[in-house]
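These notes are about the structure you will find just below.
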Amino acid sequence: MVRQASGVDLDVLSVLVAEAFSASPVGVWLAPDATDRPLVLGRYARLLVSWGLEHGQVDTTGDGSVVAVWHRRPEVPVPSAAWMYDLHRVLGPHASRFALWHAYLDAVVPHVPHAHLAHLAARPGHDDTARALLTAHHQVLDTEGLPAYAQLPGGRPRESLLAGLGYEPRSPILLEPDGPALWRMWRPSPGNGRSCGGLPPRARLRRGITPLRGRLLPTPPGSP
């Protein structure tokens, strides 16, 4: 059963998101210290789900085996200062790399109205459930004429679950130093074929760039 999550689901869904990050190369890049990683990613996952519940939509299933965090763009944006404040309050000295990551995600967000799949997590063996959960949300988006956008870590985007649901890979975001690629995945609205939806050129995270010095500020809730 697909349903919208509420505050009572926060604990369970936060653990699910944290486990997905821990198994992902992005999670390793965001929290390089293996000793600190479980605590850091756990705190971040809880913040991500909390913001989704408050400012977006969080879909899950009756057994909590899958979670999808969605945000609509454009809506009246939540001030970026609030997200940055929460990020630093929750993560403390670990916040800088997360802030840099979100700044670059926002720098290449599509230029047209769309729904952003900010995060998808599923327990092992629940791909079919994840597919059903996303399909239910896509049916709503298709009715509204909205395309969907997501970022996918890994090297085989055309073999992913998202590709099987109509998402096409676009040029990746390259996380540096020594980070993975995040493929930008675009699902056109009905009737728009393979339109890229105004996706900006690919982005590369570069050494020495800090979004905390006035150059690149995240604009939530697109980044959560």
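The values are calculated or read from the model by the stated rules, or taken from the named source; none is laboratory data. Since this is a predicted model, take the numbers as computed values, not measurements. Backbone-built Cβ (ideal geometry, glycine too); neighbour counts: all protein chains shown.
Of all residue pairs spaced 6 or more apart or on separate chains, those with beta-carbon atoms under 7 Å, a first member in the stretch 141-159 that is in a helix (DSSP H, G or I) and a second member that is surrounded by fewer than 19 Cβ atoms within 10 Å (Cβ to Cβ) are ASP142/PRO190; PRO157/ALA163; PRO157/PRO169; ARG158/PRO169. The residues listed here are ASP127, ASP178, ASP106; of these, the one that is touching a residue at least 40 places away in the same chain (Cβ under 8 Å), surrounded by fewer than 21 Cβ atoms within 10 Å (Cβ to Cβ), charged (D, E, K, R) and closer than 22 Å to VAL49 by Cβ is ASP106.
For the stretch 139-153, give me each residue that is more than 14 Å from the chain's Cα centre (by Cα) and surrounded by 18 or more Cβ atoms within 10 Å (Cβ to Cβ). Across the stretch 139-153, the qualifying residues are LEU141, LEU146, PRO147. Within the stretch 29-47, the set of residues being surrounded by fewer than 23 Cβ atoms within 10 Å (Cβ to Cβ) and under 16 Å from the mean Cα position of the chain (by Cα) comprises TRP29, LEU30, GLY42, ARG43, ARG46, LEU47.
A count restricted to the stretch 160-175 and to residues that are touching a residue at least 24 places away in the same chain (Cβ under 8 Å) and part of a strand (DSSP E or B) stands at 6. Select from the stretch 81-98 the residues that are surrounded by 16 or more Cβ atoms within 10 Å (Cβ to Cβ) and either in contact (Cβ under 8 Å) with a residue 12 or more places away in the chain or under 16 Å from PRO32 (Cβ atoms) (or both) and list them in ascending order. TRP83, MET84, ASP86, LEU87, VAL90, LEU91, HIS94, ALA95, ARG97, PHE98 - these are the residues of the stretch 81-98 that are surrounded by 16 or more Cβ atoms within 10 Å (Cβ to Cβ) and either in contact (Cβ under 8 Å) with a residue 12 or more places away in the chain or under 16 Å from PRO32 (Cβ atoms) (or both). Return a yes/no flag: does the stretch 56-70 have any residue that is modelled with pLDDT under 95, part of a helix (DSSP H, G or I) and surrounded by fewer than 20 Cβ atoms within 10 Å (Cβ to Cβ). Checking the stretch 56-70: not a single residue is modelled with pLDDT under 95, part of a helix (DSSP H, G or I) and surrounded by fewer than 20 Cβ atoms within 10 Å (Cβ to Cβ).
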